[in-house]
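Just so you know, all these numbers are worked out from the coordinates, no wet-lab data involved. These numbers were taken from a predicted model, which means no experiment stands behind them. Cβ placement follows ideal geometry from the backbone for every residue including glycine, while neighbour counts extend to all protein chains displayed.
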Amino acid sequence: MRPVELGQAEAHRKLATLNYQLDRRRAQQDPRGSSISRGSASSRTRQTEDKRKMPSIKKLRLAMSEFYLSLIMLQNYQTLNMTAFRKICKKYDKNLKSEAGFSWYERFVLKSTFAMTLQLDRMITDTEDLYTEYLANGDRSKAMAKLRVPPLGHRTPPVHVFSAGLFLGLFLVGAVMCIISYFSLNLSPELRYTFVSLFRGPISGVTFGFCLAINIKVYENVGVNHVLIFEVERRSALGAMGSLEIASFFGYMSTLSILLYLLHKEFFIADPNFIPLVQLAVVVVLFVNPVPILFYSARMWLLTVMGRVLLSPFFFVNFADFWVADQWTSLVVSIVDHYYLVRFYVRYFLDRSDAFEFEPDYAVAVIKCLPAWFRFAQSLRRFRDSESKSTDYLINALKYFLSIGEVIFATIQMQTITQYTELFESPWTWAYITICIVSSIYSVFWDLLMDFGLFRVWKGENLFLRDNLVYPRWLYYFVIVENTLLRFVWILEFVLVYQDVLAPYNGKSLICFSEIVRRFFWNFLRLENEHLYNCGQFRATRDIFITRLDPQEERFLQSVMDKTEDLARERRDKKYF
């Protein structure tokens, strides 16, 4: 069976299933108004069972929306095939000065099964009618607003392009002014230390935001379907320009805060320490704002995913869930910096003498463990939910268990170092170094073999890579070297701090931005690997699972499908003259 025919057959069954579920829901709301209710619910027990299995309105809307998207994609695929045959035949006739290509096109292509658009067009119309009747209260314009799919070449609205360009330009100018001000002003060492302590977290967050914007832009250019991978609503997906707009806005806001802090005397600001607090408050308010403005869908999606990550053991784990948790493991230093920021203001408002001390405490150790714990719990949950019970999930969990061990040994080593005259006299120092080496080696192998799917080919032009590549070949070799080196950057930090070349705080800055760079390239290959997996599974839309039908309902559904096909055949064969 050809792909188009197979797709239409599967779509026909899905449409019948959705129609049946919508009828069941209406029957539940009005038992006397539906033939399905009278035929299938013969007892109070059966009605209770149907109510228990009934999919929610929200899930039905989502299922109808994704099904409509799949129909449009199938229609586009059908059109693409027709266009390809037409152009091939046209080129044939042009080069050979004949009409044989056009004749063959009319005789075989136009009469082939995949060229028949009647059934697909009817399913699209039926889906629109069902959504209008059952889910939009008869309002067709409202239904089409929910169903309409933007074209693949849909351009970004000019207002977002203008805003992104405006804020990006302001950010670049502000960043240059911040650098000049920091190095040209005669700041006291105490003020410089406080400045770095208060602003490193926001700066690293902005840097990470720009990296994500570049990631998304590259995905769009090379065809990596990140919208499907993250299971985002295609009609309201953020896109590269929206991501750049957000990153540029917060970047510009950070540069304003930095300039106000460094030049507070020129702006007659008596206490500059409140400036980072204002910036933090604005970010939080804009992010959790419940009003449907300012990329509302993207914000709610991210808040939902973050909530699922925080409750990792209790929810089924989707790709977006463990991807966000993986990003957090690279933002540990930034997360700790924001904890320092909150702790600073608590102490500052309490007028404590240790307000300006940014030394780690036991809460820092717990915070450092949290991202690794979330991924550890997710791996165990995925093992529990998987039918195959693959040990890969347990092996992945071990990687994050080692990360937690790193934090524990580092904390013990830091708390007991005063008991020894030399750093390397402490057994906890050697325990920390050992577990870091094991964890780094383990992580490198997992990145290259599992996350990137590399080292599948051992000869030929794709040596050490795999058969299917989306990016230029050189990028993979670069990422192999870059990812391996940055996994061991902690050794450089350890040596530089031990030799007093870097202060411990600056050493953490090196770790922070190195890990952001590593994650930036990791995101390219990880999503490419997931995209290739989806292509191998012929998956182009989200899988929305509604209630499974029992055998009696399956038989009823089959009869409905047969009846629909008979009516369509009668309509097609009916002679009017």
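Things to note:
- Inter-centroid distance (Cα atoms) of segment 134-188 relative to segment 433-450, Å: 38
- Applying 0.36 nm per residue to the separation of Glu482 and Glu133 and subtracting their alpha-carbon distance, the gain on full extension is 120.1 nm.
- If R0 equals 60 Å, the separation of the Cβ atoms of Tyr348 and Arg107 corresponds to a calculated FRET efficiency of about 0.10.
- Amide N proximity, segment 110-153 versus Tyr92 label position 7 Å along Cα-to-Cβ, cut-off under 12 Å: 110
- Net length gained if the chain between Glu387 and Leu118 were fully extended (0.36 nm per residue, minus Cα distance): 92.8 nm
- Fewest-first sequence of Tyr252, Tyr420 by Cβ atoms within 10 Å of each Cβ: Tyr420, Tyr252
- The chymotrypsin sites (Phe, Trp or Tyr not before Pro) of segment 445-485 that meet both conditions, a loop assignment by DSSP and at most 14 other Cβ atoms within 10 Å of the site Cβ, are Phe455, Trp458, Phe464.
- Order of Thr418, Thr194 - criterion: other Cβ atoms within 10 Å of each residue's Cβ, fewest first: Thr418, Thr194
- Fully extending the segment from Asp500 to Ala145 would add 121.6 nm, taking 0.36 nm per residue of separation and subtracting the current Cα-Cα distance.
- Per-residue Cβ neighbour counts within 10 Å put Val159, Val232, Val479 in the sequence Val159, Val232, Val479, beginning with the fewest.
- Hypothetical label at Ser297: residues of segment 209-253 whose amide nitrogen lies under 11 Å (7 Å Cα-Cβ projection): 232-239
- Of the DSSP H helices in the chain, those whose Cα atoms cover at least 30 Å axially and whose Kyte score averages 0.0 or more: 158-184, 189-222, 239-262, 362-385, 392-416
- Packing-based ranking of 289-296, 14-21, 466-473 yields 14-21, 466-473, 289-296, ordered from highest to lowest mean Cβ neighbour count within 10 Å.
- 15 Å cut-off, amide nitrogen to a point 7 angstrom out along Val222 Cα→Cβ, residues in segment 467-508: 467-483
- Placing pseudo-labels 7 Å out from each Cα toward the beta carbon at Thr83 and Leu191 gives an inter-label distance of 6.2 nm.
- Once both labels are positioned 7 Å from their Cα atoms along Cα-to-Cβ, the gap between Leu469 and Val288 label points is 4.7 nm.
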